[in-house]
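Chemist: Take this structure first; my questions come after.
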Amino acid sequence: MRRLVFLLLFFFLLVGIGQAASITNPLLKVLIRKGILTEEEALEIQKEAAQEAQKQEETTKEAKEPKASPKALQGIKLGTLTYLDYSIGEEKGVDTSAFAITRGYFNFKKEITPWMGFRLTPDVHRDSTGDIKVRLKYVYAWFKPPSLEFLTDIKSEVGQGHFPWLDFQEHVNPYRCQGTMPRERAGTFNSADLGLGVMGYFGGKLPEDYVKELAKHYPIFDHYTGKFGSWHLGLYNGGGYHAAEKNNNKPIEGRLTIRPFGAMDSYLRGFQLSYFFIRGKGNLAQNAPDYKVDLFMLSFQHPWFVVTAEYSTSKGNNSGSWVDPTTGRVLKTRLWSVFGDVTLPILQEKLHVFARYDWFDPDTDNICTNGAGDDEYQLYLAGLAYQIHKKNMLLLDAEWVDYGENIAAGSWSKPYSGPGALGIGTGGEDNFRIQAVLQVAF
């Protein structure tokens, strides 16, 4: 019996070896049959061919697989936010017609660790000679410390970072590509500065399904989604990102936004009350004037519409230029603004109609007009916007700026030689333009 078992095992072993060493290639079988190759030579050739085929397969597989990028480049996010503009109209009594690049960001973002990262954003601008140049808009390191009970999603920016107010407002009003927001447009401040800022949410984030519903028609709704609101507090140079620091004063700036119905399962969650303030000195080397801002805004974001109402007062501005040269008194200003946008139920719900009205009094005490008043301007704006894909859009609008008769009276043009974006000091000449803008964002 043992001999029989041994003979069977030996037989199966021989069969297995024979099968493993059998010639499978038809060409090699023919060469063996014609006596050109021995069976041993054919087996060796077949073995070498199989090894070569395996090497080729491995090489092809490696070529198809994506190669890992250098470690320093891993996690880098690149993007742009660019406004391509064409405007035709009348400015300061002169007919205008021009193509322009009104913004050209190139965003470079890198997460170094889960709690630390970096951002670099060059921006193009046109200087006084008409030449297009590049300057740095944002250059900062960010840190994410742990949440502190009710204060969640805390983040700090060290360097040239976001101004506490404008980035928030531009995520409520989606049409920054048309022009600057009311207070920046009047020349009070701009949107970035060197310093230290800390920001965060109250009570965590809004439900994800609610945020997605809002972002369907308003893709900018990817920030400031704190369940009960958000906040931002900072200490900055004060002069803005395109001005050198001329004194040692560091204005304190802050924003507080409350979402009173954040816990409710209704569209009332889109209602917010915001307050923004600045306390400091204007950016002058000597005799720096007071620089003070108080701004209040009500806003309501709905999946189909957005409305805002803004009121603010100021004393001076960030450059320190709003001072009457005769008396040395710092100018006090007042601003009202309302904005509305509605998504139309046509063209796959991608077409919006919007409007805005600004009223700005640059000298509430009528210092520069010798008490005559009538130095305000009013801005009327209406347009259509088509949401091409996510944050990419095409916008067409008409804008009219009605200047008061005394806006350039007496020494009025001197205080407004500062950063006023509308060129105040036109002698009462109204401005009008029709504008088309393509916003490219990714």
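The values are calculated or read from the model by the stated rules, or taken from the named source; none is laboratory data. These numbers were taken from a predicted model, which means no experiment stands behind them. FYI the Cβ positions are ideal-geometry reconstructions off the backbone, even for glycines, and counts take in every protein chain you see.
Chemist: Got at least one residue in region 211-221 being assigned to a loop (DSSP other than H, G, I, E, B), farther than 29 Å from Leu351 by Cα and within 18 Å of the chain's Cα centre (by Cα)?
Modeler: Within region 211-221, not a single residue is assigned to a loop (DSSP other than H, G, I, E, B), farther than 29 Å from Leu351 by Cα and within 18 Å of the chain's Cα centre (by Cα).
Chemist: Quick one: would you say Ser312 is among the hydroxyl-bearing types (Ser, Thr, Tyr) and modelled with pLDDT under 95?
Modeler: no
Chemist: Among the residues of region 183-205, is any outside any loop (DSSP other than H, G, I, E, B), free of Cβ contacts under 8 Å to residues at least 40 places away in the same chain, buried (at least 19 other Cβ atoms within 10 Å of the Cβ) and of a type in the set (A, V, I, L, M)?
Modeler: For region 183-205, residues outside any loop (DSSP other than H, G, I, E, B), free of Cβ contacts under 8 Å to residues at least 40 places away in the same chain, buried (at least 19 other Cβ atoms within 10 Å of the Cβ) and of a type in the set (A, V, I, L, M): absent.
Chemist: Considering only region 279-289, I want to know if a residue exists there that is touching a residue at least 60 places away in the same chain (Cβ under 8 Å) and more than 19 Å from Ala215 (Cα to Cα).
Modeler: Looking for residues that are touching a residue at least 60 places away in the same chain (Cβ under 8 Å) and more than 19 Å from Ala215 (Cα to Cα), one finds none in region 279-289, hence no.
Chemist: While we're on this one: Cβ-Cβ below 7 Å, separation at least six or inter-chain, first residue in region 99-114 and in contact (Cβ under 8 Å) with a residue 60 or more places away in the chain and within 28 Å of Arg185 (Cα to Cα), second part of a strand (DSSP E or B) and of a type outside the set (Ser, Thr, Tyr): which pairs?
Modeler: Here the result reads Thr102/Asp85; Arg103/Leu81; Arg103/Asp123, each pair linking region 99-114 to a residue that is part of a strand (DSSP E or B) and of a type outside the set (Ser, Thr, Tyr).
Chemist: Still on this structure, please answer the following. Closer than 18 Å to Gly187 by Cβ, assigned to a loop (DSSP other than H, G, I, E, B) and among the charged types (D, E, K, R): does that describe Lys246?
Modeler: yes
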